[in-house]
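The values are calculated or read from the model by the stated rules, or taken from the named source; none is laboratory data. Computed from a prediction, not measured in an experiment: that's the story for all the values here. Here Cβ is always computed from backbone atoms with ideal geometry, including for glycine, and neighbour counts include all displayed protein chains.
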Amino acid sequence: MTQVKCEVKGVFVAIGNAATVPLVVLTDGNDRVLPIFIGIWEAVSINSAQIKEVLPRPFTHDLFIDLCAKCSITLRYLQIDNIEDGVYYAQLVMSLGPQDEYLDCRPSDGIAIALRGEIPIFVEECVLATAGQRSEELPDIVDLLTFLQK
């Protein structure tokens, strides 16, 4: 299994005839992107983390980061390691002492936590090979903040 380090390109909204859906787009730093459709609250949380917005009250993802810090749990990385029937699977890798622990999570939650915890995001090459696209192949999208201001 080969893991590719990816970055969050941004949080967007796909505008279509049938629906308007939020998505987060990861990039491998080359011309390949991985769009992951997510819920609106996860989109807002990821966007807040990406722009380093400090909110007056913590989101659930902030609470998770605080809990890990208070319990001496080290967040190591997020790995998006599978896709089945269009559903992505991820694991948050953390350690408590010398042993790594793998916590199953939705990629959207894992990305929000990874950004807040400033840990890397890895995607299995097989996932990128299956679901990755070139940037110009993305559907019609608009930046989340632009969409929310309309």
Condition set buried (at least 19 other Cβ atoms within 10 Å of the Cβ) and at pLDDT 90 or above, scope the stretch 125-150, selection farthest from Leu75 (Cα to Cα): answer is Gly132
When every residue in the stretch 14-24 that is surrounded by fewer than 20 Cβ atoms within 10 Å (Cβ to Cβ) and of a type in the set (Val, Ile, Thr) is compared, the one modelled with the highest pLDDT is Val21
Q. So is Thr2 closer than 25 Å to Arg134 by Cα and hydroxyl-bearing (Ser, Thr, Tyr) or not?
A. yes
Selection from the stretch 25-53 of residues β-branched (Val, Ile, Thr), at pLDDT below 95 and either over 12 Å from Ser108 (Cβ atoms) or buried (at least 21 other Cβ atoms within 10 Å of the Cβ) (or both) yields Ile51
(1) closer than 26 Å to Leu145 by Cβ; (2) surrounded by 13 or more Cβ atoms within 10 Å (Cβ to Cβ) all hold for Gln91 apart from (1)
By my count, helices (runs of 4 or more DSSP H) wholly in the stretch 80-150 with at least 3 residues that are closer than 15 Å to His61 by Cα are 107-117
Checked the stretch 23-75 for anything free of Cβ contacts under 8 Å to residues at least 60 places away in the same chain, in contact with a Leu (Cβ under 8 Å, 6 or more places away or on another chain) and either assigned to a loop (DSSP other than H, G, I, E, B) or within 18 Å of Ile113 (Cβ to Cβ) (or both); matches are Ser48, Asp62, Ile65, Cys68, Cys71, Ser72, Ile73, Thr74, Leu75
Looking at the stretch 121-134, can you tell me whether even one residue there is over 23 Å from Leu144 (Cα atoms) and free of Cβ contacts under 8 Å to residues at least 60 places away in the same chain?
yes
